[in-house]
Ligand code: GTP
Ligand code: MG
């Protein structure tokens, strides 16, 4: 949804961010924001009440119910500690880490911070009206993944920044088109009941929104309603034949084809970390060193940055190309660029580090196969990222990316020039942060530590050259470390699942096209696909990846697909393109296993919230809290509790206002992760354990 807001109100979005005193504090790491974490996998469809943990030789994760070997001290699937009481140890981070390490030989938790006591009180969560106000506590809007997906749209420019690729012209069919031929996306709102409300709020309440944008609001509003109506009639839709069982599915040979035949595999690489740690500078420097920014362009950045008194941000300007970002010296939206290593076609997702833009960071990081966590080695800055007085974004981002399933992490210990390339400082950072990363569920063997200086181009694309660094470091440079990342897992052997991020139109793709990331299976031109939830059959006319047309795409690819033979009104973002014989589930009631985050107002039965599952977002209500989960055993400790408070885990029954395409987490993680948001905050995260009420499509 916010993708459309980006399209039509880019300046308005920027307007939400006003410089505040908080900014200064944030840079000192004095604030924390609520964070989300993902959960593991269930191996069945039943709640804990129904399936008590029995095997004495194993222990069951309290969150994802995965049965772990006794030698595992944290869940091998989701990283949650076996003994959750450890989360509540009221001791300092370092001491706690050390103690846990002594007792449990260094294993960790995914969601420790979710349970950890915080010195900073989080804001009250109001679950009153399921209001579609998606602002966070500071008034910023959440960016959805469509913002990211725009970057995969055909474009004349190869490098695109989400924030600036925007012009708001609307054609007669209700789709946004850029007059240069670059495509813009339009989102249908039929799965998104909050659209109008958000637009109203955006246009109507933000004092910083330029008046021209406010005038556009009613037009947009009307248009969205129109689209919404268009997508409703389903009478003419063809009947889906009885779905086959997934076990009957046999992938076609072309889907499994050896990846060697492709030139390079795509690797979605999220760049995350605390504000000002040097993420954008690192990206800009990397691109420059790889020859992807011309001398002339770089000279322009340098000149302009200097003129604005921001000389040190010249490389960051390669990523931060909106006026607001440049003036404030801060990344606000995810910028996307590409480069190739020997093995990979890397999609670089430069995230904002400021806590106000965590939702934007999420939009990029959910797509990541691997991540670079950039930490500032300088004295005081590293500590701020670690959250001396709360949770810094070094920690929050680490938790988030782990929760999105990212397992492989490169820690870029940046600004080594500020600490004289000191081995001791590097080791200090490695020790402190290493404890925390393990606690998030990262394995030591999956973390690569690279000391570097983005500004000085030290150890980025060639081996270290500074004698101080060379005296103790002989590992890989950053580029080699990226190339050494293990290939991302792709669910190619399952039936096709392509969650629709956006509805688009273009000259090359045609008037009926969608974009999104293939989460499972493969898709080929000429093949028939099922469009859910409408149940229409369509033919794949064209596929585009990175602006070039191709014949097929497999799980992991971000693509745009032109479709033939269906009513465009039957396409909705949050819908899913499926294999014709194996449709995705469409549910209106779900059983979720959730972890409640740091909230101050309890969650009560009957309360309303906003549920996010892949690109779908719907209003939902909490019908029942089926059981509270014991923190230590993970077993149901109390049936039907009246309320949930911060850091509790529970199995809940939720009713959705609209049907949503969904899979149980055990079947397909990407379509079975749920985020519960209210008042702009993520208040709980969870997984779909059971589909309670399946809609007849
Ligand atoms: P946000 O996106 O706003 O979170 O910031 P960021 O992490 O992208 O940081 P950015 O690249 O904007 O850099 C912030 C400041 O750090 C700039 O002034 C950079 O010049 C400086 N900086 C980045 N890398 C280095 C480095 O290796 N050494 C030194 N000394 N300064 C650096
Ligand atoms: Mg930045």
**Q.** Selection from the range 486-508 of residues that are in contact with a strand residue (DSSP E or B) (Cβ under 7 Å, 6 or more places away or on another chain) and farther than 21 Å from residue 580 by Cα
**A.** 486, 487, 488, 504, 505, 506, 508
Q: For residue 515, indicate whether it is within 23 Å of the chain's Cα centre (by Cα) and not assigned by the TED database to the domain that holds residue 370.
A: yes
Q: Might you let me know whether the range 247-269 holds any residue that is at pLDDT 85 or above and within 16 Å of ligand 2 (Cβ to nearest atom)?
A: yes
Q.
Based on this model, can you work out whether residue 522 counts as over 26 Å from residue 366 (Cα atoms), surrounded by 20 or more Cβ atoms within 10 Å (Cβ to Cβ) and either touching a helix residue (DSSP H, G or I) at 6+ places or on another chain (Cβ under 7 Å) or free of Cβ contacts under 8 Å to residues at least 40 places away in the same chain (or both)?
A. no
Q) Is there any pair with a first residue in the range 487-499 that is farther than 23 Å from residue 514 by Cα and a second that is surrounded by fewer than 20 Cβ atoms within 10 Å (Cβ to Cβ) whose Cβ atoms are under 8 Å apart and which are 6 or more apart or on different chains, and what are they? A) 487/259; 487/265; 487/343; 488/265
Q: Return the only residue of 637, 627, 621, 678 being over 30 Å from residue 495 (Cβ atoms), in contact with a strand residue (DSSP E or B) (Cβ under 8 Å, 6 or more places away or on another chain), modelled with pLDDT under 85 and outside the structural domain of residue 519 (by the TED database).
A: 678
Q. Here are 658, 635, 624, 669: which of them is surrounded by fewer than 21 Cβ atoms within 10 Å (Cβ to Cβ) and closer than 26 Å to residue 360 by Cβ?
A. 658
Q. Checking residue 290 against (1) closer than 26 Å to residue 557 by Cβ; (2) at pLDDT below 95; (3) more than 16 Å from ligand 2 (Cβ to nearest atom), which single condition isn't satisfied?
A. (2)
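Results for (1) touching a helix residue (DSSP H, G or I) at 6+ places or on another chain (Cβ under 7 Å); (2) in the same structural domain as residue 318 (by the TED database); (3) buried (at least 24 other Cβ atoms within 10 Å of the Cβ), shown as yes or no for each residue.
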| position | (1), (2), (3) |
| --- | --- |
| 381 | no, yes, yes |
| 395 | yes, yes, yes |
| 398 | yes, yes, yes |
| 405 | yes, yes, no |
| 413 | yes, yes, yes |
| 448 | yes, yes, no |
| 451 | yes, yes, yes |
| 454 | yes, yes, yes |
Q: Please go through the range 539-592 and pick out each residue that is part of a loop (DSSP other than H, G, I, E, B) and free of Cβ contacts under 8 Å to residues at least 40 places away in the same chain.
A: 551, 565
Q) Got a number for residues in the range 312-331 being in contact with a strand residue (DSSP E or B) (Cβ under 8 Å, 6 or more places away or on another chain) and surrounded by fewer than 21 Cβ atoms within 10 Å (Cβ to Cβ)? A) 1
Q) Is it true that residue 434 is over 16 Å from residue 277 (Cβ atoms), out of contact with any helix residue (DSSP H, G or I) (no Cβ under 7 Å at 6 or more places or on another chain) and touching a residue at least 12 places away in the same chain (Cβ under 8 Å)? A) yes
(Q) Given the criterion away from ligand 1 (no atom under 16 Å from the Cβ), surrounded by 23 or more Cβ atoms within 10 Å (Cβ to Cβ) and modelled with pLDDT under 90, identify the matching residue among 347, 334. (A) 347
**Q.** Any chance residue 502 is crowded, with 23+ Cβ neighbours inside 10 Å and closer than 24 Å to residue 574 by Cβ
**A.** yes
Q: Would you be able to tell me the number of residues in the range 307-340 that are part of a helix (DSSP H, G or I) and either more than 10 Å from ligand 2 (Cβ to nearest atom) or over 15 Å from residue 277 (Cβ atoms) (or both)?
A: 11
Q.
Can you say whether residue 461 is under 23 Å from residue 331 (Cβ atoms) and touching a strand residue (DSSP E or B) at 6+ places or on another chain (Cβ under 7 Å), as far as the supplied structure shows?
A. no
Q.
Of everything in the range 300-310, what is more than 8 Å from ligand 1 (Cβ to nearest atom) and either at pLDDT 95 or above or touching a helix residue (DSSP H, G or I) at 6+ places or on another chain (Cβ under 8 Å) (or both)? Give them in sequence order.
A. 301, 302, 304, 305, 308
Q) Of the numbered conditions (1) under 21 Å from residue 486 (Cα atoms); (2) within 12 Å of ligand 1 (Cβ to nearest atom), residue 434 satisfies every one except a single condition; which is it? A) (2)
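The values are calculated or read from the model by the stated rules, or taken from the named source; none is laboratory data. Because the structure is a prediction, the values reported are computed rather than measured. Note: ideal-geometry Cβ built from the backbone for every residue, glycine included; neighbour counts use all protein chains shown.
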